[in-house]
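Shown next, in structure tokens, is the structure this report addresses.
The values are calculated or read from the model by the stated rules, or taken from the named source; none is laboratory data. Predicted model only: the values in this text are computed from it and were never measured. Don't worry about glycine lacking a Cβ; one is built from the backbone with ideal geometry, like all the others, and counts go over all protein chains shown. When the accessible area is computed, the model is the full protein with side chains, heavy atoms only, and any ligands, DNA or RNA have been set aside. Shrake-Rupley method; radii C 1.70, N 1.55, O 1.52, S 1.80 Å.
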Amino acid sequence: MRKKIIAGNWKMNMTPSQAVALCAELKDLVKNDDVDVVYCVPAIDIVPVVNALKGTNVKVGAENMYFEEKGAYTGEISAAMLKDAGVEYVIIGHSERRDYFKEDDALLNKKVKKAIEAGLTPILCCGETLEQREMGITMDWIRMQIKSDLQGVAAADVAKLVIAYEPIWAIGTGKTATTAQAEEVCGGIRECIAEIYDKATAEAVRIQYGGSVNAGNAAELFAEKDIDGGLVGGASLKADFGKIVCYNK
Ligand code: PEP
């Protein structure tokens, strides 16, 4: 049985002091030992959030990292720095980074490998545009992303990672994929992993749905057999996140 994982993606929100206040506000609301709970926070919030969450059930994730070990990469943060600061997860390939920062699959593949090498768990994002969905190439596109981003990654490492299926047209739009659409693609990703690797790896990897998840739709989405939780943007910044985390209570 895969344990569900529900992660908040704070994006570029919350100053360090606001971040600490939000951790305190959500502390009792996000207690649920049945699921893994993660806050993926801006780089500058990592240290205060790690400290604020000590002794709680919540783990800390980063929203990005660079693949090089160290050196002259002004403004970047390495996997080793994240690990040393107490980070356990890192979002890789969010559609906003693919789009605004032109991150391509070759770069993301390097990031995935470096994160794993450093002992971080990647939350690898994939997803189609509305245009791609309407053209009927959703699964072709996502299979291409998954195969490219995981090129050369060993089965044992894939089994431990998290993949987030996030249709781009559903992110921050209030337009959630239907449960059937989300399950169809999450199931398709699992089939893709079984083809590249094997059935055991496919059964082990956790696949989240992300895109306008809220307190009203989380329980139905997370009840699907191939949806192992969610990556939550907007709703992770408010008390509603507690209801999403405790969807099974
Ligand atoms: C996201 O940022 O990954 C996301 C899914 O955002 P939202 O929940 O706001 O759609």
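Restricting to the range 108-131, and then to whatever is out of contact with any Pro (no Cβ under 7 Å at 6 or more places or on another chain) and farther than 25 Å from Lys59 by Cβ, can you tell me which residue is surrounded by the fewest Cβ atoms within 10 Å (Cβ to Cβ)?
Here the answer is Glu131.
Say we look at the range 10-21 and pick out the residues that are within 16 Å of the ligand (Cβ to nearest atom) and open to solvent by 10 Å² or more (accessible area, probe 1.4 Å); which of these is farthest from Lys243 (Cα to Cα)?
So the residue we want is Met12.
Does the range 68-79 include one or more residues that are surrounded by 16 or more Cβ atoms within 10 Å (Cβ to Cβ) and out of contact with any strand residue (DSSP E or B) (no Cβ under 8 Å at 6 or more places or on another chain)?
no
So Gly127 fits all but one of (1) out of contact with any helix residue (DSSP H, G or I) (no Cβ under 9 Å at 6 or more places or on another chain); (2) under 15 Å from Ser95 (Cβ atoms); (3) of a type outside the set (Ser, Thr, Tyr); what number is the exception?
Among (1) out of contact with any helix residue (DSSP H, G or I) (no Cβ under 9 Å at 6 or more places or on another chain); (2) under 15 Å from Ser95 (Cβ atoms); (3) of a type outside the set (Ser, Thr, Tyr), Gly127 violates only (1).
Can you find a residue in the range 43-59 that is among the hydrophobic types (A, V, I, L, M, F, W, C), touching a Lys or Arg at 6+ places or on another chain (Cβ under 9 Å), within 30 Å of Met1 (Cβ to Cβ) and assigned to a strand (DSSP E or B)?
yes
Looking for whichever is part of a helix (DSSP H, G or I) and in contact (Cβ under 8 Å) with a residue 40 or more places away in the chain here; the options are Leu22, Leu29. Which one fits?
Leu22
Checking the conditions here, which among Gly61, Gly86 is touching a residue at least 60 places away in the same chain (Cβ under 8 Å) and surrounded by 15 or more Cβ atoms within 10 Å (Cβ to Cβ)?
Gly61
Can you name the condition, by its number, that Val112 falls short on among (1) away from the ligand (no atom under 16 Å from the Cβ); (2) closer than 23 Å to Arg2 by Cβ; (3) more than 15 Å from the chain's Cα centre (by Cα)?
If we test Val112 against (1) away from the ligand (no atom under 16 Å from the Cβ); (2) closer than 23 Å to Arg2 by Cβ; (3) more than 15 Å from the chain's Cα centre (by Cα), just (3) comes out false.
Answer yes if at least one residue in the range 32-41 is outside any strand (DSSP E or B), open to solvent by 50 Å² or more (accessible area, probe 1.4 Å) and not hydrophobic (A, V, I, L, M, F, W, C), and no otherwise.
Yes, that holds for at least one residue.
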